[in-house]
Amino acid sequence: MSASQKYEIDESLPYKAIAIGGSAGSFQVVTKILSSLPTDFELPIMMCLHRLRHVRNGFTEALNIKSTINIEEPTDKEPIKKGKIYLAPANYHLCVELGNTFALSTEELFNNSRPAIDYMIQTAAHNYRHKLIAILLSGANKDGALGMKAASEKGALTVVQDPAECLIDTMPTSALKITKINHTLSVDKIIDLLLYIDQKIKKKK
Amino acid sequence: MQQEIELAQLKKITDIIQKRFDFDFGNYAMSSFKRRIQRVIEIYKYASIDALIDRLNDADHKFFQEFLSEITVNVTEMFRDPTFWRELKESIIPNLLLNDREINIWHAGCSSGEEVFSMAILLTEMNLLGKAKIVASDVDNAILAKAREGKYPIKNMEVNQKNYERYEGSFLLQKYYKEEAGKAIMDKELVKNVEWREHNLVSGGSFAKFDLILCRNVMIYFNQQLQNTVLKTFHESLHKYCYLAVGSKESLIWCEIANKFVVVNNEEKIYKKVKD
């Protein structure tokens, strides 16, 4: 395999955003990813992690300790910007509106979750289509599977964490069951893929 | 398997509703509006979105009211964001007392009324309920009727009580309701002077002047253009140096007339009107 074919990606590099979903149990994995990114990482990252609904503060701060890039909880209608990392706030669904802005919602729980990963990835896929990279990490419910299906149907690059590596693998296996996923990777490989794409985008500039 | 709803189909729906019921959903935030339409299709078990479009084409006003109730989001809690309510108690209300006049409060988009009861409890515990005049409005008549009734599923009271504790309320929330057949029946004395009003923020405009407007997690269902319009209504409806509270993850900074307000508490998103 030559270096340029290291991963099966769209070589024209259309990517504009990354969406990552996981449960509270993915905390360590997310921390590992966020501590491995360069401070000038090219793509905006939006994350939806299951978290306590009635605890507004603490989670983002805890993730920020190790992250190389400051993580923010977006406000409603905030434009999505390059170089930023966003985390869905407690007790709100985080969605993407056409025109690259966020929209928040207090709609009913979905998959017993608010924020729901499905809502974030579905709306991100609707807005970014093949320009999205959608990543689903480990977790104990099927939230995210419908989102990954929507992403796959829109031509996004889809990645799930290797179930063999997950403490609880319901999340990635649910996605693998209902849709085609481009890559099933260990966390280290997910990081490697993100760095690889980042390098390629930088070279192209 | 559900079919993806196309933007053109949503446009068709908003056009029909505009024409037949003079109600404008055209500037609702698309991501949530689409899900709400999907939800209606599932609740009524329509075979497709076209079946819903047909139904709306020959719907009477009664069906439209039901439709409206399902589209609007009515998820709320008493004392949601306890630190916000504490800020009202410790800073905003005491500031308004300095004006030495009746305190006029508007709950815009009050839904099933949990925040109205929260406010009434807060004022009661400050011995100020008699000094305040509350208007509570919503676009959906059915939910207003529920709010007026003040009956909530008893299972909801657990979260409400937890919020009330974090707010540092003076008693137990149980002081303000009695349990009957699985429902918490709120004490009607709390809201006996509340004016319940059907009002559409999209088209209703300003109808009075207030010292404090609460509109939390309502404008998130509108697009930026409509948020601008609604903010103008609120600006017009506030006395100078009085307050507007929005949801903790909402911001006025993307709005056209944001410069007529200053933020007094950014964590709780409480703004003060500083320019006419």
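The values are calculated or read from the model by the stated rules, or taken from the named source; none is laboratory data. Keep in mind that this is a model prediction, so the values were computed, not measured. So basically every Cβ, Gly included, is an ideal-geometry build from the backbone, and we count neighbours across all protein chains shown. Protein only, heavy atoms only, side chains kept; ligands, DNA and RNA dropped before computing areas. Shrake-Rupley method; radii C 1.70, N 1.55, O 1.52, S 1.80 Å.
Just a few scattered comments:
- The value of relative contact order for the range B:139-226, using C-alpha pairs under 8 Å at least six residues apart, is 32 percent.
- Just so you know, the averaged projected area of the alpha carbon convex hull for chain A sits at 10.4 nm².
- Only Lys, Arg, Asp and Glu carry charge here, each on its Cβ (+1 for the first two, -1 for the last two); on that basis the range B:7-71 has a dipole of about 220 debye about its Cα centre.
- Dipole of the range A:1-120, positive direction: furthest Cα of A:PHE110, A:GLN28, A:THR75, with charges on the beta-carbon: A:GLN28
- Sparse-neighbour loop sites [trypsin sites (Lys or Arg not before Pro); the range B:73-135; at most 14 other C-beta within 10 Å; DSSP]: B:ARG101
- Each of B:TYR46 and B:PHE63 was given a label point 7 Å from its Cα along the Cα-to-Cβ line. The distance between the two points is 0.9 nm.
- Length-normalised contact order of the range A:14-204 in % [C-alpha pairs under 8 Å, at least 6 apart]: 21
- Accessible area buried at the A-B interface, both sides summed, 1.4 Å probe (Å², nearest 100): 2700
- Each Lys or Arg adds one and each Asp or Glu subtracts one; over the other residues with Cβ under 13 Å from the Cβ of B:SER91, this totals -1.
- Volume per residue of the convex hull around the Cα atoms, evaluated for the range B:7-71, comes out as 75 Å³.
- The modelled label-to-label distance for the pair A:GLU11/B:GLN38, using points 7 Å beyond Cα in the direction of Cβ, is 3.6 nm.
- Of the chymotrypsin sites (Phe, Trp or Tyr not before Pro) in the range B:1-71, those whose Cβ has at most 16 other Cβ within 10 Å and which sit in DSSP loop: B:TYR44, B:TYR46
- Here the dipole of the protein assembly as shown is about 680 debye; that uses its Cα centre as origin and unit charges on the Cβ of Lys and Arg (positive) and Asp and Glu (negative).
- Nearby lysines by direct alpha-carbon distance to B:LYS275 (threshold 21 angstrom, same-chain neighbours under 8 apart not counted): B:LYS209, B:LYS232, B:LYS240, B:LYS260
- Among residues other than B:ILE185 with Cβ under 11 Å from its Cβ, the summed charge is 0 (Lys and Arg +1, Asp and Glu -1).
- Contact order normalised by residue count of the range B:169-276, Cα under 8 Å, 6+ apart, percent: 22
- Under 12 Å, Cβ to Cβ, from B:GLU66 - net charge with Lys/Arg +1 and Asp/Glu -1: -1
- Per atom type, the range B:7-71 shows carbon and sulfur on 51% of its accessible surface, probed at 1.4 Å.
- Choice from B:GLY204, B:GLY182, B:GLY113 showing the highest fluctuation, given a GNM over chain B with Cα pairs closer than 10 Å: B:GLY182
- Among the GluC sites (Glu not before Pro) in the range B:181-276, those located in a DSSP loop and surrounded by at most 13 other Cβ atoms within 10 Å of their own Cβ are B:GLU267.
- Among A:ILE45, A:LEU195, A:PHE59 the positive-end extreme of the charge dipole of chain A (Cβ point charges): A:LEU195
- Model label sites at A:ILE65 and B:LYS178, defined 7 Å from Cα along the beta-carbon direction, differ in position by 5.1 nm.
- Of every Cα-Cα pair in chain B, the percent that sits beyond 36 Å: 18
- In units of the rule-of-thumb radius 2.2 N^0.38 Å, the protein assembly as shown shows an alpha carbon radius of gyration of 1.03.
- Label-zone membership for the range B:54-77, site B:ASP24, 7 angstrom Cα→C-beta point, backbone N under 19 Å: B:68, B:72
- Accessible area per residue for chain B, computed on protein heavy atoms with a 1.4 Å probe, is 44 Å².
- Springs join every pair of Cα atoms under 10 Å in this Gaussian network model of chain A, and among A:LEU167, A:LEU87, A:LEU37 the largest mean-square fluctuation is at A:LEU167.
- The Rg/Rh ratio for the range B:143-244 is 1.04, where Rg is the radius of gyration of the alpha carbons and Rh is the Kirkwood radius.
- At R0 = 22 Å, FRET efficiency that the Cβ-Cβ distance of A:LYS204 and A:HIS130 yields, to 0.05: 0.85
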